[in-house]
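The structure appears below as structure tokens.
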Amino acid sequence: MSTSTTIVAEESPFRRLVGDFVQSKMATAGFVVMCLILLCAVVAPWISPQNPYDLVQIDIMDSSMPPGSVSAEGLKFLLGTDDQGRDILSGIIYGLRISLIVGAGSALIAGVIGSSLGLIAAYVGGWVESAIMRLVDLQLSFPSMLVALMILAILGKGVGNVMLALVLVEWAYYARTARGSALAERRREYIEAAECLALSRARVVFHHLLPNCMPPLIVVGTFQMARAIALEATLSFLGLGVPVTEPSLGLLIANGYQYMLSGKYWISFFPGLALLLTIVAINLVGDQLRDVLNPRLRR
Amino acid sequence: MSTWLLRRLVQALFVVLAMTVIVFVGVNVIGNPIDILISPDANAAERAQAIASLGLDKPLWQQYLSFLSGVLHGDLGRSFVYNEPAMRVILERLPATMELAVAAVLISILIGIPAGLYAGLRPNSWGARSLMAGSILGFSLPSFWIGLMMIMVFSVQLGWLPSTGRGATRALFGVQWSFLTRDGLVHMILPSINLALFNLSLIIRLTRAGVREALPSEYVRFARAKGLSPMRVVGVHVMKNILIPVVTVLGLEFATTIAFSVVTESIFAWPGMGKLIIDSISVLDRPVIVAYLMLIVMLFVTVNLVVDLLYVVLDPRVRLEQQG
């Protein structure tokens with residue numbers, strides 16, 4: 001009994017968190033896959049067999065080759081080539097970059113905006129709170145697909161526009177979560193203490209309230225990142241998302257779709273698999289984070 | 001109750017009005033309608049004449065008012081592509097979308113509720129665990145990818161089901177329907193399952209959670225103690241309490257289903273409203289885009305209103321709260 005308490009006392013919160021997290025083999029595997037995917041996207045120019053957007057490197061003669069084919073120059077296409085003769089594997093590695101930048105970027109921006117608004121709503125109260133929360137309710141009553149469709153129908157496609165659409169779709173989830181946990185936290189003694197020290201409101205909200213509302217926001221952020229990546233892929237698949245010059249996984253899948261019916265499955269199957277792996281990995285991590293960070297579930 | 005209803009109606013009206021402003025500003029201020037509407041080969045005189053006839057020379061607020069009166073009359077201009085009133089072009093596609101959406105909702109109810117009951121009654125069985133795992137996938141995987149895989153497996157590899165189009169249709173009340181012919185039904189299988197997957201996952205989880213919550217409660221134990229058959233306990237007593245959340249969610253999700261039919265219709269080349277809007281966006285058929293957006297916003301606001309009202313009718317607690 002006494003030994004176990006000393007061990008717990010010596011553990012830092014972060015180490016305990018890691019210890020809890022690795023309890024689940026699935027989540028750990030998800031985390032490893034997520035890191036590998038991220039690494040692939042970051043070092044794309046060094047690891048991909050060819051640069052799929054350098055016209056010198058691609059040869060139309062290599063078009064639509066099945067997985068495992070070898071080009072005239074002896075380059076092996078592990079996952080085959082698309083209709084332009086581009087290596088699918090290279091396309092995926094470069095596509096991951098766009099997907100992750102758009103997905104993670106919009107989740108982050110939406111997180112900052114949404115959490116701030118949620119915290120302000122909870123802390124200030126009054127008409128500010130009801131105005132913000134009314135907006136959140138309105139936003140959440142429309143499905144994300146429709147909101148994104150609307151924005152892109154008006155603004156047209158483009159990486160910036162897709163990110164704007166995703167931010168507008170997602171901020172409300174953060175705002176609701178931030179307000180919920182901030183309402184519970186703001187009655188605690190440490191907030192009262194901070195207020196007694198006559199700290200500025202901004203300092204109380206962002207230095208004292210925010211850190212203590214972080215755990216649920218991190219969980220929401222993880223899930224929203226997966227959702228953003230999926231939604232971006234869907235929009236790009238429909239031709240509303242990223243432009244052809246900056247193809248994400250969704251656009252690669254769309255390019256291969258017409259060839260799928262003639263049996264050339266690999267052009268869209270492998271980018272789809274990469275997308276799937278990314279989304280499932282992030283969701284597994286988010287699932288475990290939710291359990292680990294939730295104090296009610298802690299043993 | 002009546003003041004609540006009035007407030008809710010005003011609120012709904014306000015949302016619709018706000019949306020008309022957003023769509024109008026979006027299309028007319030952010031996008032440049034002159035570039036879109038007038039052919040680039042036109043000379044200066046033709047341009048000026050076209051601008052005058054479209055009313056683009058008037059101040060913005062006047063343009064907005066005429067747009068608003070157009071919305072009220074259901075007149076949103078003529079489609080450039082079909083050269084027909086935009087509203088009519090969309091409404092012609094409405095039955096195909098509705099047919100698919102209704103089929104999807106039916107599938108999610110008819111499979112989702114029994115599956116959810118099973119998962120709730122035997123939570124530790126192998127089947128229940130795989131149902132739960134499957135429903136997570138149904139939530140998190142993008143539906144377009146699942147649709148592609150369905151085409152790859154069932155149409156391309158196995159050759160069992162057709163992948164695109166509506167198949168043969170038959171007229172009923174002056175509208176063509178696919179579900180009335182065998183060929184049409186076969187064409188509906190893949191798209192409607194694809195569209196149903198999200199709701200199916202949702203209903204399985206909701207039903208399971210409802211069963212898990214109801215089973216240890218007093219009224220179920222009392223019903224069992226009375227010696228009622230397990231069938232009756234589950235089928236009547238448990239079911240009644242599960243249905244409220246399921247009905248609410250289904251009502252709300254019906255509109256979402258229609259919004260998501262954009263994806264399913266594009267994959268399976270189903271000639272409904274969703275495919276129309278995607279095609280219209282890619283050729284910049286502005287009147288159709290605007291008409292679609294207005295129509296779907298109104299649909300949403302109406303559905304939300306009806307669900308709110310139904311909730312008051314179905315759940316006595318909400319009703320008491322409104323009065324108290």
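The values are calculated or read from the model by the stated rules, or taken from the named source; none is laboratory data. What you are looking at is a predicted structure, and each value in this text was computed from that prediction instead of being measured. Note that we place each Cβ from the backbone using ideal geometry, even for glycine, and neighbour counts take in every protein chain shown.
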- Note on the structure: Of the residues in region A:169-189, those that are among the small types (Gly, Ala, Ser) and in contact (Cβ under 8 Å) with a residue 24 or more places away in the chain come to A:ALA172, A:ALA175, A:ALA178, A:GLY180, A:SER181, A:ALA182
- Take B:TYR292 and decide whether it is modelled with pLDDT of 80 or more and closer than 26 Å to A:GLY158 by Cβ. yes
- Query: Just a yes or no: is a residue in region A:148-168 under 25 Å from A:ASP287 (Cβ atoms), in contact (Cβ under 8 Å) with a residue 12 or more places away in the chain and either surrounded by fewer than 17 Cβ atoms within 10 Å (Cβ to Cβ) or within 14 Å of chain B (Cβ to nearest Cβ) (or both)?
  - Reply: yes
- Using the structure shown, decide if B:SER155 is crowded, with 20+ Cβ neighbours inside 10 Å and either more than 10 Å from chain A (Cβ to nearest Cβ) or closer than 17 Å to B:ILE193 by Cβ (or both). no
- Task: Can you give me the number of residues within region B:276-287 that are part of a helix (DSSP H, G or I) and facing another protein chain (nearest Cβ under 10 Å)?
- Result: 7
- Task: Only residues that are aliphatic (A, V, I, L, M) and assigned to a helix (DSSP H, G or I): list them for region B:255-275, please.
- Result: B:ALA255, B:ILE258, B:ALA259, B:VAL262, B:VAL263, B:ILE267, B:MET273
- hydroxyl-bearing (Ser, Thr, Tyr) and without any contact (Cβ under 8 Å) to a residue 24 or more places away in the chain, is that true of B:SER108? no
- Quick one: which of B:PHE268, B:PHE260 is within 11 Å of chain A (Cβ to nearest Cβ) and surrounded by 23 or more Cβ atoms within 10 Å (Cβ to Cβ)? B:PHE260
- Consider B:ARG129 carefully, then state whether it is within 14 Å of chain A (Cβ to nearest Cβ), assigned to a helix (DSSP H, G or I) and over 26 Å from B:VAL263 (Cα atoms). yes
- Log entry, pairs with first residue in region B:273-288 being basic (Lys, Arg), second being in a helix (DSSP H, G or I), beta carbons closer than 8 Å, six or more apart or on different chains, reads B:LYS275/B:ARG93; B:LYS275/B:VAL262; B:LYS275/B:GLU265; B:LYS275/B:SER266; B:ARG286/B:VAL27; B:ARG286/B:PRO33; B:ARG286/B:ILE36; B:ARG286/B:LEU37
- Message: Going by what's in this entry, would A:ILE109 be described as hydrophobic (A, V, I, L, M, F, W, C) and within 20 Å of the chain's Cα centre (by Cα)?
- Response: yes
- Message: Just the residues that are assigned to a helix (DSSP H, G or I), polar (S, T, N, Q) and closer than 18 Å to A:ILE120 by Cα, please, taken from region A:153-208.
- Response: A:THR177, A:SER181
- Task: Mind listing just one residue for me: the one in region A:218-238 that is more than 7 Å from chain B (Cβ to nearest Cβ) and among the small types (Gly, Ala, Ser) and, of those, surrounded by the fewest Cβ atoms within 10 Å (Cβ to Cβ)?
- Result: A:GLY221
- Message: Quick check on A:MET133: is it crowded, with 17+ Cβ neighbours inside 10 Å and under 23 Å from A:LEU240 (Cβ atoms)?
- Response: no
- Note on the structure: Screening A:ILE229, A:ILE267, A:ILE218, A:ILE282 for residues that are of a type in the set (A, V, I, L, M) and farther than 30 Å from A:TYR53 by Cα leaves only A:ILE218
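One line per residue, one yes/no per condition, for (1) touching a residue at least 24 places away in the same chain (Cβ under 8 Å); (2) closer than 16 Å to A:ALA41 by Cα; (3) touching a helix residue (DSSP H, G or I) at 6+ places or on another chain (Cβ under 7 Å):
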site	(1), (2), (3)
A:GLU232	yes, no, yes
A:LEU238	no, no, yes
A:VAL242	yes, no, yes
A:LEU252	yes, yes, yes
A:SER262	no, no, no
A:TYR265	no, no, yes
A:PRO271	yes, yes, yes
- Message: Given the options B:TYR118, B:TYR82, name the one that is among the aromatic types (Phe, Trp, Tyr) and part of a helix (DSSP H, G or I).
- Response: B:TYR118
- Message: When you check B:LEU56 against the structure, is it modelled with pLDDT under 75, closer than 29 Å to A:LEU135 by Cβ and outside any helix (DSSP H, G or I), yes or no?
- Response: no
- Name every residue in region B:129-141 that is more than 11 Å from B:LEU197 (Cβ to Cβ) and touching a residue at least 60 places away in the same chain (Cβ under 8 Å), in order of residue number. B:LEU131, B:MET132, B:ILE136
- Note on the structure: How many residues of region B:116-147 are small (Gly, Ala, Ser) and surrounded by fewer than 16 Cβ atoms within 10 Å (Cβ to Cβ)? The answer is 5
- Message: Among the numbered criteria (1) more than 10 Å from chain B (Cβ to nearest Cβ); (2) more than 20 Å from the chain's Cα centre (by Cα); (3) in a helix (DSSP H, G or I), which one does A:MET214 miss?
- Response: (2)
- Considering region A:239-288, residues that are within 11 Å of another protein chain (Cβ to nearest Cβ) and in a loop (DSSP other than H, G, I, E, B), and then whichever is surrounded by the most Cβ atoms within 10 Å (Cβ to Cβ), we arrive at A:LEU240
- Query: Which condition breaks for A:ARG86 when tested against (1) of a type outside the set (A, V, I, L, M, F, W, C); (2) buried (at least 24 other Cβ atoms within 10 Å of the Cβ); (3) within 14 Å of chain B (Cβ to nearest Cβ)?
  - Reply: (3)
- Query: Within region B:68-77, which residues are in contact with a helix residue (DSSP H, G or I) (Cβ under 8 Å, 6 or more places away or on another chain) and either buried (at least 17 other Cβ atoms within 10 Å of the Cβ) or within 30 Å of B:ILE193 (Cβ to Cβ) (or both)?
  - Reply: B:VAL71, B:LEU76, B:GLY77
- Name every residue in region A:118-130 that is part of a helix (DSSP H, G or I) and surrounded by fewer than 23 Cβ atoms within 10 Å (Cβ to Cβ), in order of residue number. A:ILE120, A:TYR123, A:VAL124, A:GLY126, A:TRP127, A:VAL128, A:GLU129, A:SER130
